[in-house]
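The structure appears right after this line, and notes come after that.
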Amino acid sequence: MKKWLTAILVLLSTFAMAQSEEKLELGQKRNLDTFFSNFSEANVQSFKEGSLSDGALLNFALEHNYKNNFKSLKKSADGQSVIVPASTVDKTTIKYFNLKINRHMKEAYPVPLADGEAYTFSQISRLVNRGDGLFQAEGVIYSTGSGGTPNPHGTPAEWEKKGEDVSRVGTFSALIRAESERYILLEYTVR
């Protein structure tokens, strides 16, 4: 009985060590804030590991490239849209999800030009190392009205002092994998 209890205690302590909360260094926190902001600004909806649809991947890639790579996109002939090539969609989805759309319906996708959108961003508040390169993350999603330019790494007190109207609009939890110099989003829950 004593050996059995000892074995259980060893397993529990090993499990607890494998799931330790990370102390986030400033640079790592900024990188993770930026990483998770990619998903909140593209309004990615909750999904479980292995359940991300081609439509969700496409929507993310189009939104992400429109907001973050606008200058590299060509305008449509009528000037009402920008064009995102299918190859750019694949590069984006592989970078963030390590997934590719199964079958593209087009060689390139138009994204209508739009102005005046709210600025949405995320900040990580907790990171737990689950072992084998897996991490559980938790954080807060913020938004400001059109034209707002708060420091996405700032604090509510700093934003208030500068007169920025920033609202907490939700929270997220995520399962990510760390690979070399990047993170891959495996699971995402928005509340």
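Going through (1) among the hydrophobic types (A, V, I, L, M, F, W, C); (2) in contact (Cβ under 8 Å) with a residue 40 or more places away in the chain; (3) closer than 16 Å to Leu24 by Cβ one by one, Ile184 falls short only on (3). Residues that are under 8 Å from the mean Cα position of the chain (by Cα) and small (Gly, Ala, Ser) within the range 35-50 comprise Ser37, Ser40, listed in sequence order. Say whether the condition of being within 17 Å of Arg30 (Cβ to Cβ), more than 19 Å from the chain's Cα centre (by Cα) and aromatic (Phe, Trp, Tyr) is met by at least one residue in the range 147-170. Yes, some residue in the range 147-170 is within 17 Å of Arg30 (Cβ to Cβ), more than 19 Å from the chain's Cα centre (by Cα) and aromatic (Phe, Trp, Tyr). Residue pairs whose Cβ atoms lie under 8 Å apart, separated by 6 or more positions or on different chains, with the first residue in the range 96-110 and within 13 Å of Gly55 (Cα to Cα) and touching a residue at least 12 places away in the same chain (Cβ under 8 Å) and the second in a loop (DSSP other than H, G, I, E, B) and of a type in the set (A, V, I, L, M), are Leu99/Leu52. When the range 53-95 is examined, which residues are found to be touching a residue at least 12 places away in the same chain (Cβ under 8 Å), under 20 Å from Tyr188 (Cα atoms) and of a type in the set (Gly, Ala, Ser)? If the condition is that a residue be touching a residue at least 12 places away in the same chain (Cβ under 8 Å), under 20 Å from Tyr188 (Cα atoms) and of a type in the set (Gly, Ala, Ser), then Ala56, Ala61 are the ones that fit. Pairing each residue of the range 114-138 that is without any contact (Cβ under 8 Å) to a residue 12 or more places away in the chain with any residue that is in a strand (DSSP E or B), provided the two are 6+ apart or on different chains, yields C-beta distances under 9 Å for Asp132/Arg177.
Mind counting the residues in the range 73-93 that are within 20 Å of Phe35 (Cβ to Cβ) and either of a type in the set (D, E, K, R) or loosely packed, with under 15 Cβ neighbours inside 10 Å (or both)?
At the first step, the residues of the range 73-93 found to be within 20 Å of Phe35 (Cβ to Cβ) are 88-93.
Pick out the ones that are also either of a type in the set (D, E, K, R) or loosely packed, with under 15 Cβ neighbours inside 10 Å (or both) and you get 90-91.
Selection size over the range 73-93: 2.
Screening the range 51-72 for residues that are over 19 Å from Phe35 (Cβ atoms) and of a type in the set (D, E, K, R) and picking the one that is farthest from the chain's Cα centre (by Cα) gives Lys71.
Only the coordinates and a few stated rules stand behind these numbers; no lab work does. Computed from a predicted model, the values in this text were never measured in an experiment. Using ideal geometry, Cβ is built from the backbone for each residue, glycine included, and neighbour counts are taken over all protein chains shown.
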